[in-house]
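The values are calculated or read from the model by the stated rules, or taken from the named source; none is laboratory data. As the structure is a computational prediction, the values presented were derived from the model and not from experiment. Positions of Cβ are backbone-derived with ideal geometry, glycine not excepted, and every protein chain shown enters the neighbour counts. Please note that ligands, DNA and RNA were not included when accessible areas were found on the heavy atoms of the full protein model with its side chains. Shrake-Rupley method; radii C 1.70, N 1.55, O 1.52, S 1.80 Å.
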Amino acid sequence: MSVFPQLSMKPEVREHLSSVYRGKEVESEFDKDEVFEALLSCLSHPPLFTCLRASTHLHPLQEIQHRLEQHLAQQKRAPAVYTHPQLPDVLLLPVHGPRHVDLLASEVIVGAQCGNAVLRGAHVFTPGILSTPKYMKAGDMVSVFSDVEGKCTRGAKEFKGKKVFLGNGISEVDRSELFCSDGPVKGVAIRMTEPLYQSPSFDGVLTDEVFLQNLPSVVVGHVLGPRPGERILDMCAAPGGKTTHIASLMGNQASGTVVALEKIRSKMEKIIQNAKMLKLDCIKAYCCNSIHAVSSDPAQEYSADLIAIFCIFVDGPPYPEESFDRILLDAPCSGLGQRPNMTYSWSLKEVCSYQPLQRKLLTTAVRLLKRGGVLVYSTCTVTLAENEEQVAWALKTFPCLTIEPQVPHLGSEGMQGAGLSCDQRRLLQRFRPELAWRGAHFAHSPESLLQNANTDTIGFFIAKFIKNGEKCTQA
């Protein structure tokens, strides 16, 4: 059900995206215009479920589920906790909304990013607040709105611009503590008591047992299929959700290694923090631009034995070619599949800038992958250029690559328009929430809810490649 405006974006970006979904080459059993409009609507709303990945390397799923249910039972409206029918390490909590919430006289305006977090169950933290009533005190009941166009001035006492209602909460601080010369106090500023979308906050909850992660991101780890004893590379790893999942699926065994690369040091340190929090010690994180993660001399060849010795004594990048059994490239992308998001401010030039970067990263990935190894490429965007077109380019550029079936395959097949055959598109996995939203009226029985768990997600794309045995030369 739509309660928010469609995702707003620059006209040229909308036209670019429209051409993907309304193009002549696209054959669909659904009305193309209806599907495109559904896409813009669903992206501004939160998914139907909150997805938690359980640390099954530490405890059985049922034990974690029981402890989570006990914790949530202390809340006023304790949500049900379901196990996912196909993913053995996933717990699902239904998001209830939109709910009827009455507007209050006092209004607090938060930034769009903060507003998106509130719609996923977060409270309002102090850095996210832009405007409050002049005399707001701790204990005041307030209505919280999101400034979807980014036009509210920080410190304003009122705001007349475009805003979206998120729900009601109780102020934890005085206005004077938010807008002072020493900077705002830290912590929760507004505790949400009546959110428009009811979803529990997981701040500090079972921190070593559950990890908030979008469902398609969990699917990626299973598709990669890590095994104990393998050497695995996560090329663009921050904040470490997929890295830690890979390590968990390997059983956190010392015989294997997950190498996580991230070019921004503060983000790399976040990976280390998450690994420690989840009690995973087979992860090695390095600050490195993954484009440069392979040895600079592409003509230099090493035997498998020499590579193994190198990997024992030299931990960090750059690495010799064919150093890894499996590689995950969750590539930097335009992020047009993220939910909820009410405003997308990037220009078409910025959106299109990711394709060349992704191809450089793919080239490095192919060089670093062992013959017979697995490469999984994924994005959280919905464009053709960053998804199916990249698959077509990779197959043409690297004859050693073939597309492989994915297990599990919970999403839709790949989209038309990139020159891939029908059989090739069936091997791809695209999560398309717009198909679930197309005229949808979701029922709220447990059975009906779980049927939609795999469809009402963020927009996401996954491709799985195998590197064949012959020497891989770039075409």
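What the table shows:
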| read-out | value |
| --- | --- |
| Residue match in region 176-196 (condition: of a type outside the set (S, T, N, Q), open to solvent by less than 30 Å² (accessible area, probe 1.4 Å) and within 20 Å of the chain's Cα centre (by Cα)) | no |
| Some residue of region 207-225 being at positive phi, open to solvent by 10 Å² or more (accessible area, probe 1.4 Å) and out of contact with any Lys or Arg (no Cβ under 9 Å at 6 or more places or on another chain) | no |
| Subset of region 270-295 (residues that are closer than 16 Å to Asp208 by Cα and open to solvent by 50 Å² or more (accessible area, probe 1.4 Å)) | Lys270, Ile272, Gln273, Lys276, Met277, Lys279, Asp281 |
| The listed residue being part of a helix (DSSP H, G or I), within 14 Å of Phe461 (Cα to Cα), open to solvent by less than 50 Å² (accessible area, probe 1.4 Å) and assigned by the TED database to the domain that holds His222, out of Gln358, Gln416 | Gln358 |
| Residue in region 209-217 that is touching a Gly at 6+ places or on another chain (Cβ under 9 Å) and of a type in the set (D, E, K, R) present | no |
| Any pair with Cβ under 6 angstrom, 6 or more apart, that starts in region 412-429 at a residue that is closer than 19 Å to Leu224 by Cβ and ends at one that is open to solvent by less than 50 Å² (accessible area, probe 1.4 Å) and of a type in the set (Lys, Arg) | Gly414/Arg425; Gly414/Arg430 |
| Filter pass, Arg53 being in contact (Cβ under 8 Å) with a residue 40 or more places away in the chain, among the basic types (Lys, Arg), within 16 Å of Leu206 (Cβ to Cβ) and surrounded by fewer than 22 Cβ atoms within 10 Å (Cβ to Cβ) | no |
| Test: residue in region 23-32 that is under 24 Å from the mean Cα position of the chain (by Cα) and not assigned by the TED database to the domain that holds Ser345 | no |
| Lone unmet requirement of (1) assigned to a loop (DSSP other than H, G, I, E, B); (2) in the same structural domain as Asp315 (by the TED database); (3) open to solvent by 10 Å² or more (accessible area, probe 1.4 Å) for Ser201 | (2) |
| Of all residues making up region 420-475, the number that are open to solvent by 40 Å² or more (accessible area, probe 1.4 Å), of a type outside the set (Asp, Glu) and at pLDDT 95 or above | 6 |
